[in-house]
1. What ranking of A:Arg35, B:Arg143 comes out by heavy-atom accessible area, probe 1.4 Å, highest first?
2. Using a 1.4 Å probe on the protein heavy atoms only, what accessible surface does A:Arg34 show? Give it in Å² to the nearest 10.
3. Step through the residues of region B:156-169 one at a time and calculate ³J(HN,Hα) from phi using the Karplus curve (6.51 cos²θ - 1.76 cosθ + 1.60, θ = phi - 60°), rounding each to whole Hz and writing x for Gly and Pro.
4. Given the protein chains as shown and a 1.4 Å probe, how many square angstrom of B:Ser187 are accessible, to the nearest 10?
5. Rank B:Phe54, B:Phe76, B:Phe33 by mean-square fluctuation in a GNM of chain B with C-alpha springs under 10 angstrom and give only the top-ranked residue.
6. Rounded to whole Hz and in sequence order, give me ³J(HN,Hα) for region B:45-53 from the Karplus expression 6.51 cos²θ - 1.76 cosθ + 1.60, θ = phi - 60°, writing x for Gly and Pro.
7. Would you mind working out the magnitude of the charge dipole of region A:1-122 relative to its Cα centre, with +1 at each Lys and Arg C-beta and -1 at each Asp and Glu C-beta, to the nearest 20 Debye?
8. For a quick check, take a GNM of chain B with Cα springs below 10 Å and name the residue from B:Ser84, B:Ser149, B:Ser57 with the largest mean-square fluctuation.
Number of protein chains: 2
Amino acid sequence: MNPEKAQPLLDYINKHVPLTKEEESALLSYIIFRRYLKGQYIVQQGDICKYECFVLSGCTKTFYMDDEGQEHIIMFSIEDWWASDMGSFISQTPADFNIQCLEDTELVMFPYETIETIYAEIPKLERFFRLIIERAFVASQKRIVRNFSLTAKEQYLYFKEQYPEIEQRIPQYMVASYLGITKEFLSKIKSQLALG
Amino acid sequence: MNPEKAQPLLDYINKHVPLTKEEESALLSYIIFRRYLKGQYIVQQGDICKYECFVLSGCTKTFYMDDEGQEHIIMFSIEDWWASDMGSFISQTPADFNIQCLEDTELVMFPYETIETIYAEIPKLERFFRLIIERAFVASQKRIVRNFSLTAKEQYLYFKEQYPEIEQRIPQYMVASYLGITKEFLSKIKSQLALG
DNA sequence: AAATTGTGTTAAACTAGTTTAACTTTTCGT
DNA sequence: ACGAAAAGTTAAACTAGTTTAACACAATTT
């Protein structure tokens, strides 16, 4: 892939595991640049997730539809974040999640067919992925803790504080879905906060 | 550490990444065997978590105390599972969680001071930890999904089905805490299930 | 400029799960 | 075997968050 486009990814990787020029160009030969339009799906529930995606620009939501047709947003991904259904990717089984673009989005895609080659040829990247998945796991556990111990209002305030950029870029009903509450209740919370 | 005691760990690792005899004995020189009694703490909230622990026998609970002094159980660990506060371990910051033994428990402990040496000397183990953390992350995400979309009764039935061994070994109020509901409500759910 | 679609608000009726409190049963140390 | 402590049950009053439904206000499309 085009080395210029890949710079934000290389910068991100180099923060965790410094790569040589040779390793960088080896990596570039195994990954793919791709552009999606707002509304397009990167992964659809039931499909096999064939890529782990690093977001260069734009914004995606990862969500699933429950049996009643209700959408539940699991995460948003913006610049320098990852987007994939990891359960589907690592075991090549049908995806639980949809990943859809909320803006025009540019991605670097790590294909499943080349990921083992990448690990074998550039062992530092096996370390890199261990490090970022460790952090993702810790973040996921902390989210479970918040679900248990915070009220909806507290969770909303936490979201605002942690992801102020994201709140600006997405409609409020998606924030509600991410927090696991109804849009009506989030509206109520916001009007309470506006007064007090 | 004593190779005989370590066999369940080696079997577990070999399922993911087959090790040579040399690699096995190198690993054994870096890890520690330890026994804890029922009630003892392996990690205390606020301390630095210095070990990642593999459970050889026994059972632990990982939990935290909220501001109101309420205990919230995050996970149980039995034979062939891991127990640690990964957030604390990987960045050597104060632990969010307590880990306490619910039975007399035997562990293999991977010390923070030797973990980088282990990765450097036995690169397969960097792969091994990547693989198990990937799975842990996927499991954690699935738990978030269940929290969002299942009722308390459904979550209880899921727990029973997934971890029938654990339910036999721990008091019911701890199951309630793990599910994020009160013991009184779990009691009600069970009596409903006993009828219908 | 009108019409449609997507997004946000308000309020009343409702429900899943909590709180409190009194009670029963089981487990455990001596 | 006994008493104390830990674990589990029941039920009534309560509350955080849902549902439904009607309305308001953009933003796009025609």
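The values are calculated or read from the model by the stated rules, or taken from the named source; none is laboratory data. A quick note: this is a predicted structure, and the numbers were derived from the prediction, not measured. Every residue, glycine among them, receives a Cβ derived from its backbone with ideal geometry; neighbour counts consider all protein chains shown. Keep in mind that these areas ignore ligands, DNA and RNA; they rest on the heavy atoms of the full protein, side chains included. Shrake-Rupley method; radii C 1.70, N 1.55, O 1.52, S 1.80 Å.
1. On the way: A:Arg35 145, B:Arg143 20 Å².
Heavy-atom accessible area, descending, gives A:Arg35, B:Arg143.
2. Solvent-accessible area, nearest 10 Å²: 110 Å².
3. 5, 4, 5, 4, 3, 6, 6, 10, x, 5, 5, 4, 5, 9
4. Probe radius 1.4 Å; accessible area of B:Ser187 about 60 Å².
5. It is B:Phe33.
6. Once θ is set to phi - 60°, the couplings for region B:45-53 become 2, x, 6, 8, 7, 9, 9, 9, 10 Hz.
7. 300
8. B:Ser149
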